[in-house]
Amino acid sequence: MSTEQAAETNCSASNVHILSPEENDSKKEAFKRTPFSKLKKVHASFKSPLQVAESPKFSPEEEVAELQRKQELLDLEIAQLEAEGYRVEELDIHINKLHEYNDIKDIGQSLLGRIAALRGTTTRDLYSHFGLELDD
């Protein structure tokens, strides 16, 4: 038997079917990564979450006028708060104290988590053990 005859015999014996380019394309379309998904969005094209909606185009003069209007409203609001007795310095102090409080609270939460892990319990159980409220 010649090598050509042997090759023909082996191919016909194993029933190998070589796909044409057209058949190959149709196979790719039929194959999906999640063929049994009931969600249609699974097979949708990718949409970036960073897409920015088209905003109406304004001329530079219109943008400047809008910004000046916003500035006037903010100045009015600041004057109203100052008339009620609030001071900018007080606000800065209050904001700094809130930042410090949040930092201390984060450290406390971290410590409670570590203690809970060492004791093999939950942080919820530790709250009652240390006399803390869950909304603290």
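Annotations for the structure displayed:
- Heavy-atom accessible area ranking, 1.4 Å probe, most first, across 70, 47, 105, 57: 57, 47, 70, 105
- Here the 3J(HN,Hα) profile of the stretch 79-85, calculated from phi with Karplus coefficients 6.51, -1.76 and 1.60 at θ = phi - 60°, is 4, 5, 5, 5, 5, 7, x Hz, Gly and Pro shown as x.
- Sparsely packed loop sites in the stretch 45-128 (the GluC sites (Glu not before Pro) outside DSSP H, G, I, E and B with at most 12 other Cβ atoms within 10 Å) comprise 54, 84.
- Where 46, 130, 58 fall by accessible area, highest first, once all protein chains stay in place (1.4 Å): 46, 58, 130
- Residue 82 paired with residue 62, simple spin-label distance in nm, labels 7 Å along Cα-to-beta-carbon: 3.4 nm
The values are calculated or read from the model by the stated rules, or taken from the named source; none is laboratory data. Here the structure is a predicted model, which means the values were calculated and not measured. Here Cβ is always computed from backbone atoms with ideal geometry, including for glycine, and neighbour counts include all displayed protein chains. In case anyone asks, the SASA skips ligands and DNA or RNA and just uses the protein heavy atoms, side chains included. Shrake-Rupley method; radii C 1.70, N 1.55, O 1.52, S 1.80 Å.
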